[in-house]
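Each value in this text was obtained by applying a stated rule to the coordinates, not by laboratory testing. Quantities reported herein were computed from a predicted structural model and do not represent experimental measurements. Ideal geometry is used to build each Cβ from the backbone, glycine not excepted, and the neighbour counts take in all protein chains shown.
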Amino acid sequence: MWQWDPAKEHTGPGSPRQRGLVYWTNEKGDEQRLFTAVNGFLFAIDPKTGETIRAFGENGSINLGSGLNTPGVTYQDMLILGGLGGKGALRAFDVRTGKHKWVFHLIPRPGEVGYDTWPEDAYKTATGLMPWCGQALDEKRGIVYAATKTAEPDFYGGERHGSNLFANSIVALNAATGERIWHFQIVHHDLLDKDLPCAPVLLTVNHEGQKIDAVAQGTKHGLLFVFDRVTGKPLWPIEERPVPQSDLIGEQAWPTQPFPTKPPPLMRQSYTEEDASNISQQSHEMTLDRIRAAPNFGPFPAPSLKESIMFPGFDGGMEWGGGAADPDGIYYVNVNEMPWLLQMIETRHADGSELGDGERDYVLYCGVCHGIELKGNAELKFPSLLDVDKRRTRAEIEQMTRQGRGRMPSYDTMPEEKRNAILDYVLSKSVPPKASGEAPTAPKSVAEAKSNKPAYAFGGFRRWLDAQGYPAIKPPWGTLNAVDLNTGEIKWKVPLGEYPDLTEKGIPPTGTENYGGPLATAGGLIFIGATADETFRAFDKQTGKVLWQAELPFGGNASPSTYMVGGRQYVVISAGGGKSGRRRGGMLVAFALPD
């Protein structure tokens with residue numbers, strides 16, 4: 001019908017990446033808008049013609065100052081959205097003009113709730129917290145629910161002592177004004193990148209003889225938190241339990257973390273010797289040796305210079321697809337059960353000399369993704385920065401650091417001296433000196449660790465795989481779950497996905513790494529792609545039995561949608577691929593029952 005090309009509108013560096021659309025219409029239905037964000041700019045488009053609506057913002061767009069992973073939600077005549085990186089806020093804009101309507105600061109200002117959970121004036125420099133996974137809206141009550149990410153840096157909090165509200169929190173706001181109604185922090189002072197990975201899900205349950213409108217929030221460690229969506233009261237008690245404490249100088253890990261008493265965890269909460277891989281004798285011996293040398297300490301290991309097994313892992317249990325719910329109060333969600341490796345590094349050379357300002361800050365802010373030696377991460381598709389000056393100008397790189405791009409967050413509050421030092425270091429094409437075998441020199445005191453020169457940085461995202469490339473743990477590696485939120489019990493759990501070469505060897509379906517959520521239909525089906533075997537499946541929502549499946553051209557790492565035209569129901573999924581080492585593409589694939 002029409003095509004809108006963001007390349008014709010976007011003039012910034014890099015490819016014009018989009019992350020979804022949101023549609024708005026007024027009550028009469030005679031006004032419509034489509035909204036999409038392109039590298040930090042929000043555009044309004046006419047859905048009938050595909051033309052940019054020039055009356056919106058400045059000639060059709062507004063500069064958000066940071067990128068978007070999800071396009072937001074609309075309420076009355078407002079678009080409410082979060083972002084990726086930046087100063088941490090939920091904002092509302094007029095859908096017609098782009099005028100700013102309200103803001104809720106996720107890093108509190110003086111006098112705001114939560115200000116005392118940070119160091120003084122942290123809002124001036126702290127970053128992170130953006131609700132990158134999307135929001136949910138109770139339109140009848142006028143309440144918007146947001147799930148937030150981790151404060152930055154993710155893995156060392158020596159300069160952000162405190163619980164750090166509203167990081168890792170579900171927050172309920174008055175959608176008309178942005179005023180806080182209630183909140184709950186699911187991870188205190190996060191040191192493990194446990195940002196809330198998926199949007200809250202609204203549903204209605206029968207709880208203790210009463211009908212309750214609830215909101216359910218999934219987590220990366222496979223726990224499901226359920227609240228009364230009006231009051232914020234948990235449906236079942238939540239306990240604060242002790243967790244391991246960090247031995248890093250200057251760090252003050254929070255002593256406890258919240259654990260719901262119901263529902264039970266949707267995945268294993270620790271990796272023991274009994275969880276050593278059983279798909280081959282070689283894998284079993286390898287995983288058993290490793291877990292004995294680098295134990296797992298449960299869902300909240302304390303970051304340390306000593307390597308440990310991170311399980312639940314950084315990309316699981318629940319991921320960006322989140323869950324689906326039906327009117328019976330049943331919540332359906334897919335979960336990853338893959339181990340990763342956790343280790344911190346010191347920001348000092350092996351001879352005891354400190355890293356230069358630019359090198360140290362590069363390790364802290366950029367090394368997690370682009371590698372300590374600037375070589376990138378091929379597995380996770382983070383690009384190398386070696387010789388980046390041959391691909392980008394300094395001005396282009398600087399703009400990316402301000403606005404963010406794709407998975408790269410915005411660092412618009414970073415002091416210019418620090419930004420320039422990082423750019424100087426990266427563009428010099430220097431590589432950090434290799435270790436000489438001598439023991440690194442640790443900071444001598446808390447004062448040294450807090451001297452605006454953080455002593456530690458995250459050693460990088462590393463999946464723990466066996467020699468064959470499979471997750472180094474006993475299956476299942478991915479599951480689909482049905483949770484009865486009337487009772488708080490798991491109704492069923494089944495493996496999600498399989499590896500044909502293992503099936504041929506007689507190994508039962510193991511489940512696979514999975515990204516993209518489920519769809520529940522009134523016909524009693526659960527549709528989901530998500531899996532590494534690039535397959536789209538329909539499950540019986542009562543039993544978890546696979547009823548139908550079809551091969552996709554690329555991985556369906558998105559949540560499907562359903563719609564009806566002319567009395568015929570369709571199910572459609574975006575097959576973009578690119579996860580789990582799979583091919584990368586871009587297709588919309590629709591299915592329907594025969595006429």
Sequence-distant lysines (8 or more away, or on other chains) whose Cα lies within less than 28 Å of Lys87: Lys99, Lys101, Lys124, Lys149, Lys194, Lys220, Lys381, Lys418, Lys450, Lys453
Proportion of all alpha-carbon pairs of region 207-288 beyond 17 Å (%): 65
CD proxy at 222 nm, helix term only [per DSSP H run n ≥ 4: -39500 (n - 2.57); per residue of the chain; nearest 500]: -2500 deg cm²/dmol
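Report D for the chain in µm² per second (integer): Stokes-Einstein, Kirkwood Rh on Cα pairs, 25 °C, 0.890 mPa s.
98
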Coarse-grained scattering of region 252-364 at q = 0.14, 0.17, 0.18 Å⁻¹, given as base-10 log I(q)/I(0) from a Debye sum over alpha-carbon atoms: -0.81, -1.00, -1.05
Between region 154-184 and region 454-480, the alpha-carbon center distance in angstrom: 29
For region 371-400 and region 524-595, distance of Cα centres in Å: 34
In Å, descending, principal axis extents of the Cα set of region 137-200: 42, 20, 14
Semi-axes of the equivalent ellipsoid for region 52-139, Cα gyration tensor, largest first, Å: 26, 14, 12
Prolate/oblate/rounded call for region 100-243, Cα gyration tensor, a/c under 1.5 rounded: oblate
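Let's see if you can work this out: charge +1 on each Lys and Arg Cβ, -1 on each Asp and Glu Cβ, no other charges. What is the dipole magnitude of the chain about its Cα centre, in debye to the nearest 20?
On the way: 62 positive and 71 negative charges, 175 e Å.
My answer is approximately 840 debye.
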Residues of region 272-312 with amide N under 14 Å of a point placed 7 Å along Cα→Cβ from Gln468: 277-287
Equivalent ellipsoid semi-axes - Cα gyration tensor, region 120-170, angstrom: 26, 11, 8
